[in-house]
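For reference, the structure is listed below as structure tokens.
The values are calculated or read from the model by the stated rules, or taken from the named source; none is laboratory data. Owing to the predicted nature of the structure, the values given are computational and were not obtained by experimental measurement. Every residue, glycine as well, gets a Cβ built from its backbone with ideal geometry; the counts of neighbours run over all protein chains shown. Just the protein is used for accessible areas: all its heavy atoms, side chains included, with ligands, DNA and RNA removed. Shrake-Rupley method; radii C 1.70, N 1.55, O 1.52, S 1.80 Å.
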Amino acid sequence: MTTATVTGNRERESLGEFLLRAPAVGPALALIVAIVVFSLATDTFFDLDNLSTVVQQSLVVGTLALGQTLIILIAGIDLSNASSMVVATLVMAKLAAAGTNGFFALVVGLILTVVVGLFIGTLATRIKLPAFIITLGTFTGLTAVAKLIAGGQAVPVTDGLLQWLGTKRYLFGGIPITYGMTLALIMFLIVWYALTKTAWGKHVYAVGNAPESARLSGIKVNRTVISVYVVAGVCFGIAAWQALGRTPNADPNQFQLGNLDSITAVVLGGTSLFGGRGSVLGTLFGALVVAVLRSGLTQMGVDGNYQDLATGALLIVAVVVDRIARRQQQS
Amino acid sequence: MRQRSLTALALVAAVAVGTAGCTVERHWGGNSTTAGSGKAKIGLVTKTDTNPYFVELRNSASAAARANGADFSALAGQFDGDNDGQVRAIENLTQQGVNTILITPSSSTGVLKAIKDARDAGILVIALDTATEPADAVDATFATDNFAAGQQQGAYVKAALAGADPKLLMVDGTAGSSVDTERHGGFLKGIGLTDSSPQIKGHTAANGDQSLAQQGMENLLQRTTDINSVYSMNEPMGRGAYAALKARGLTGQVVMGSIDGGCEGVQNVKDGLYGATVMQFPKKMAEQGVLAAVQYAKTGKKPTGFVNTGSTVITDKPMPGVPSQNTTWGLQNCWGGTK
């Protein structure tokens, strides 16, 4: 009888319930639809080189979004991730320009973003400040730091190792793959594994769903929160490396909206802004959808303002789907 | 534990103060001077105090004020577009009893009410770098004629094409901003096209962001690589566009022009990233603004209208019919010649 009821329920599983179980399905569908539409609408979009370019265009925001996913899963937010990354790019490029070993510069940049993560995580747990406020402050401060470091001059990237993620490439089935793409894939796999197969991952979801219950069941909530900001800091440092591989200069005026772009990718990827629900797979699709939209619409000759309009509309659709799914789960 | 919390709170407070503070410079000469006493008291309001262009403008104004024995106080918005911050700056300066306000308005309309209040209080208001709409909302404007600057860029690119029909990609700045609109329109006039010309093979808006310019250019080049000219609204976007062209191996067949004249942009021209850039002169704007303020304090005479502080094409490949200077001159004079 019980079994029958369960089976009966499963047969009547609503779309909302299905999306709750597999939040990456929605963004995957959106991605496929966008690719098909642009491939039909233009004769230039469906081209192996172009598809590779689109992936490369989404690498920096995608890597930022990977860290942002972890933070949003614990119901936090990081408004300072892109500015932390930009500071790291400038520090790395300046060190390299001063003749420092590229590997050393890279390590310094990574330490920098990790320290920022540690700082945010510590304030969030020890003094119980909302992440929004802390990271609003670090965002403003780091943006200024970036401009002060640069002194108005973009820093050309000359070191081979710092450019390596963008310049080294190989062919896979005719598709040009950069080492940056490979590294991003590996990072997504690692974070996916950590989130779904390890105790740490279960703690992250538990803390995001209900921190008090997590604490009562013996999870060290503060330690989990700090670890998330630190791991995210590693992602932002890698994003800085990705950025140096992509663009020829470290420039304090670029990635001005990288923080919001990363949040867009996470939300489009089906991760709930209220924490506890979502996946890095969805984020991967979310970041790709934005890059595909930009590329396809530009090739169709659509004005930039309409591109932003389309991205905004898609974002609202994603949030509405999240809401409906939650409501159906509750009823 | 409590001690640690306090330390952290102090840190937060330090960060907050560090980022919110915007007073950057002040030197008052004598004491108890009042407006109309013959001594100029000048207040400068720039868009931000981190952008090197406005730093150059501020330093030049400060130096000119010192040289002329004028009191000087500089304030800034916190970011480009911070109208509210600029309004507060104007109110503060009015309160301090300045007799001239020099302002680079964040938006051409956002601070008009505060400017009107200041003028009603008898203060001379001069717009530097960016005009207001309407232009007579201020007493006078000392700025680059951006339309003329764009036109020079267009004329250079046209001459460099040596009679070939343009096949043009355009990298615009922020859609709707007056500077962007003027440079865009000037460029098209200079090269002899209109917005509906079929010679324009595509355009992208990149908000002054190098990475967005690179991305937009990559997408445009997917559409067509049959191009011979590129418009870039400023130098960081020119660098992004160049990266995309280079990846496609197109740099040899394309003439790109840019505008701004920062030292780094001039170096880019020297290194061959783009054929030419059009230099503007913030130092002239600042110095002429200060001199006008000094004259107003002495004689009560106000400057009027739009004063073009000029723009100059910088290139190492001069074209007949397009007056220009080379990059050696450019590096000596970039944004006022401090380097």
Scanning the range B:166-195 for residues that are more than 23 Å from residue B:239 (Cβ to Cβ), at pLDDT 95 or above and not in a loop (DSSP other than H, G, I, E, B) gives B:185, B:189
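Only one residue in A:125, A:158 is modelled with pLDDT under 95, within 14 Å of chain B (Cβ to nearest Cβ), out of contact with any Leu (no Cβ under 7 Å at 6 or more places or on another chain) and open to solvent by less than 10 Å² (accessible area, probe 1.4 Å). Which one? Steps first, answer last, please.
On the way: A:158 fails: open to solvent by less than 10 Å² (accessible area, probe 1.4 Å).
Only one candidate passes the filter, namely A:125.
Have a look at A:109, A:102 and point out the one that is at pLDDT below 95 and open to solvent by less than 30 Å² (accessible area, probe 1.4 Å).
Numbers: A:109 fails: at pLDDT below 95.
None of the other options fit; the residue is A:102.
Only residues that are of a type in the set (A, V, I, L, M, F, W, C) and facing chain A (nearest Cβ under 7 Å): list them for the range B:203-217, please. Steps first, answer last, please.
Going residue by residue through the range B:203-217, those that are of a type in the set (A, V, I, L, M, F, W, C) are B:205-206, B:212-213, B:217.
Within the range B:203-217, B:205 is the sole residue that qualifies.
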Out of (1) more than 8 Å from chain B (Cβ to nearest Cβ); (2) within 26 Å of residue A:275 (Cβ to Cβ), the one residue A:137 does not meet is (1)
Taking the range B:58-85 and keeping only residues that are in contact (Cβ under 8 Å) with a residue 40 or more places away in the chain, of a type outside the set (S, T, N, Q) and closer than 14 Å to residue B:106 by Cβ, one is left with B:75, B:76, B:77, B:85
Among (1) more than 25 Å from residue A:104 (Cβ to Cβ); (2) in contact with a Cys (Cβ under 9 Å, 6 or more places away or on another chain); (3) of a type outside the set (Phe, Trp, Tyr), residue A:202 falls short only on (2)
Exception for residue A:322 within (1) assigned to a helix (DSSP H, G or I); (2) surrounded by fewer than 19 Cβ atoms within 10 Å (Cβ to Cβ) falls at (2)
Of A:164, A:192, the only residue that is under 24 Å from residue A:86 (Cβ atoms), open to solvent by 70 Å² or more (accessible area, probe 1.4 Å) and in a helix (DSSP H, G or I) is A:164
Inside the range B:309-339, the number of residues satisfying the requirement of being at pLDDT below 90 and either hydrophobic (A, V, I, L, M, F, W, C) or open to solvent by 70 Å² or more (accessible area, probe 1.4 Å) (or both) is 4
The helices (runs of 4 or more DSSP H) lying entirely within the range B:204-270 that contain at least 1 residues which are without any contact (Cβ under 8 Å) to a residue 24 or more places away in the chain and on the phi < 0 side of the Ramachandran plot are B:210-223, B:235-247
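Has the range B:146-165 got any residue that is in contact with a Phe, Trp or Tyr (Cβ under 8 Å, 6 or more places away or on another chain), among the β-branched types (Val, Ile, Thr) and not in a strand (DSSP E or B)? Don't jump to the end; show me each part of the working.
Start the filter on the range B:146-165 by keeping residues that are in contact with a Phe, Trp or Tyr (Cβ under 8 Å, 6 or more places away or on another chain), which leaves B:150-151, B:153-154, B:157.
Those still in the list that are among the β-branched types (Val, Ile, Thr) too: B:157.
Next, from what is left, pick out any that are not in a strand (DSSP E or B): B:157.
For the range B:146-165, residues in contact with a Phe, Trp or Tyr (Cβ under 8 Å, 6 or more places away or on another chain), among the β-branched types (Val, Ile, Thr) and not in a strand (DSSP E or B): present.
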Filtering the range B:181-202 for residues that are away from chain A (no Cβ under 12 Å) and either closer than 24 Å to residue A:53 by Cβ or among the charged types (D, E, K, R) (or both) leaves a count of 3
Exercise. Among the residues of the range B:276-297, is there at least one that is open to solvent by less than 50 Å² (accessible area, probe 1.4 Å) and either within 14 Å of chain A (Cβ to nearest Cβ) or touching a His at 6+ places or on another chain (Cβ under 6 Å) (or both)?
Worked result: yes
